[in-house]
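Please read the structure below before turning to the comments.
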Amino acid sequence: MMNLKKWNGLLTAFILLVSLIVTSLFPSVTFAAYLPKNSEKSNGASNMALIYTGYYNPDDYDGMKIGDYDKERFLPYVGYLNDKGVAEDYFFDTFLMLTAFSPYKGSLGRYYDWTAGSRPGTLQDWKWAMDRVFEKDIQLDGLEAAVEQVSGDLKDPGKKVNVYLTLPFPDPQSKDFGDFNGDGTVKNLESLDTRKALIRWYVDTMTARFEQQKYKHLRLRFSRIIILMKTLQWLV
């Protein structure tokens with residue numbers, strides 16, 4: 001009887017042979033899941049950095065505010081720096097600002113009842129997340145300052161980077177969400193029409209706030225708004 005080692009070797013060789021045949025017959029299938037570099041579908045994004053800007057209790061991280069990104073924290077993401085801290089080239093060209101947690105314990109993704117100390121997200125959580133990316137000198141301000149410095153080092157004053165903002169998940173389980181549109185009624189997100197109205201309000205509000213900042217080096221597009229679910233599960 002053929003021993004197990006020989007059998008495993010033959011099985012591996014067979015799988016490799018099948019893979020080569022499929023690749024040669026259907027070459028496009030191999031790369032079907034990837035966008036090509038500088039694709040219009042990605043608005044020219046080539047290298048994306050995921051930036052965790054949510055609330056992380058400093059008591060759990062030796063007093064560090066790990067969700068705060070100022071210019072100094074952004075610099076090595078924006079540019080390749082030499083030992084003197086001067087940029088010699090660009091690094092990431094796209095930044096996804098992921099605000100996954102609020103200090104008020106409401107879920108910004110889909111709520112699961114087995115998550116200790118959590119509850120469905122409300123307007124209080126959403127507003128905190130919305131304000132978070134516009135805090136002075138950190139987050140978008142920090143990124144703007146970092147691109148300003150790196151583009152100055154590289155004599156490229158017109159440089160812009162792409163920015164993705166995350167939209168919290170409008171969870172139907174949130175039946176006491178709050179009054180987001182000022183009509184005096186507390187919203188129940190069980191209603192699909194209410195969830196659609198909430199999304200429109202969020203996108204309009206965040207876009208207007210972004211434009212008011214008049215960032216010189218940051219570019220936001222509607223396709224850059226992504227719905228946040230749970231642990232990097234996305235609905236587009």
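Across the stretch 106-121, not a single residue is classified as modelled with pLDDT of 95 or more and out of contact with any Leu (no Cβ under 7 Å at 6 or more places or on another chain).
Just one of the listed residues (LEU123, LEU192, LEU154, LEU143) is over 21 Å from ARG110 (Cα atoms), of a type in the set (A, V, I, L, M), out of contact with any Cys (no Cβ under 8 Å at 6 or more places or on another chain) and surrounded by fewer than 20 Cβ atoms within 10 Å (Cβ to Cβ), and it is LEU154. Does at least one position in the stretch 218-236 carry a residue that is in a loop (DSSP other than H, G, I, E, B), among the hydroxyl-bearing types (Ser, Thr, Tyr) and at pLDDT 95 or above? Looking for residues that are in a loop (DSSP other than H, G, I, E, B), among the hydroxyl-bearing types (Ser, Thr, Tyr) and at pLDDT 95 or above, one finds none in the stretch 218-236, hence no. Taking the criterion of being of a type in the set (Gly, Ala, Ser) and farther than 15 Å from TRP126 by Cα, the residues of the stretch 183-210 that qualify are GLY184, SER191, ALA208. Considering only residues that are touching a Phe, Trp or Tyr at 6+ places or on another chain (Cβ under 8 Å) and not aliphatic (A, V, I, L, M), look in the stretch 135-159 and name the one that is nearest to GLY44 (Cα to Cα). Looking at the filtered set, the residue picked out is LYS159.
Let's see how each residue does on (1) under 30 Å from ASP70 (Cβ atoms); (2) surrounded by fewer than 16 Cβ atoms within 10 Å (Cβ to Cβ); (3) touching a residue at least 12 places away in the same chain (Cβ under 8 Å); (4) among the acidic types (Asp, Glu):
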{"residue": "PRO103", "(1), (2), (3), (4)": "yes, yes, yes, no"}
{"residue": "VAL161", "(1), (2), (3), (4)": "yes, no, yes, no"}
{"residue": "SER174", "(1), (2), (3), (4)": "no, no, yes, no"}
{"residue": "TRP201", "(1), (2), (3), (4)": "yes, yes, yes, no"}
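Screening the candidates GLY79, GLY152, GLY142 for the property of being more than 17 Å from GLN213 (Cβ to Cβ), touching a helix residue (DSSP H, G or I) at 6+ places or on another chain (Cβ under 6 Å) and modelled with pLDDT of 95 or more yields one hit, GLY79.
Is it true that THR207 is among the β-branched types (Val, Ile, Thr), touching a residue at least 12 places away in the same chain (Cβ under 8 Å), buried (at least 16 other Cβ atoms within 10 Å of the Cβ) and over 15 Å from TRP128 (Cα atoms)? When the stated conditions are applied, THR207 passes them.
The values are calculated or read from the model by the stated rules, or taken from the named source; none is laboratory data. These numbers were taken from a predicted model, which means no experiment stands behind them. Because the Cβ atoms are built from the backbone with ideal geometry, glycine has one as well, and the counts that use them run over all protein chains shown.
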